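To start, the structure itself, in structure tokens.
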Amino acid sequence: MRANGKRIAGFAIKSRLPSVYDNKEAVEGGGLMYYGADLADSYRRVATYVDKILKGAKPADLPVEQPTKFELVINLKTAKQIGVTIPQSMLYRADKVVK
């Protein structure tokens, strides 16, 4: 978790503020939710680029790619603490639910 992540999550809980974070570790540390690129998938894709470059491809000739796989992580404990009800349909779509 980043430098002041727990403090930020703690402030959001204390202030009853729903919050969305840019990393899933913040949710595991008390943040409400994360939605963003699946970093493990992104790193695998980077490895294919490195492989192509090491085999002689020019980086300028490789296409720029955007993430194709995203993750949704929800912390139900935090939702309960701040009085937010997460719709069941959203929980079904979540890749991970922290209880």
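The values are calculated or read from the model by the stated rules, or taken from the named source; none is laboratory data. What you see is a predicted model, and the numbers here were worked out from it, not measured in a lab. Please note: Cβ atoms are built from the backbone with ideal geometry, for glycine as well, and neighbour counts cover all protein chains shown. The accessibility values were calculated without ligands, DNA or RNA, using every heavy atom of the protein model including side chains. Shrake-Rupley method; radii C 1.70, N 1.55, O 1.52, S 1.80 Å.
Details
- Under the condition of being touching a residue at least 40 places away in the same chain (Cβ under 8 Å), farther than 21 Å from Asp41 by Cβ and in contact with a helix residue (DSSP H, G or I) (Cβ under 9 Å, 6 or more places away or on another chain), the residues counted in region 53-85 number 5.
- Residue count, region 44-99 (criterion: part of a helix (DSSP H, G or I), farther than 18 Å from Arg16 by Cα and β-branched (Val, Ile, Thr)): 4
- Among the residues of region 10-43, those identified as under 15 Å from Gly83 (Cα atoms), touching a helix residue (DSSP H, G or I) at 6+ places or on another chain (Cβ under 6 Å) and of a type in the set (Gly, Ala, Ser) are Ser19, Gly30, Gly31.
- Among the residues of region 58-84, the one identified as under 16 Å from Val27 (Cα atoms) and of a type in the set (Ser, Thr, Tyr) is Thr78.
- Here Lys80 passes the criteria (1) out of contact with any Gly (no Cβ under 8 Å at 6 or more places or on another chain); (2) surrounded by fewer than 13 Cβ atoms within 10 Å (Cβ to Cβ); (3) modelled with pLDDT under 95 except the one numbered (3).
- Residue check, Thr85 among the β-branched types (Val, Ile, Thr) and open to solvent by 100 Å² or more (accessible area, probe 1.4 Å): yes
- Of all residues in region 1-29, exactly one satisfies the criterion of being modelled with pLDDT of 90 or more, part of a loop (DSSP other than H, G, I, E, B) and buried (at least 16 other Cβ atoms within 10 Å of the Cβ), namely Ser19.
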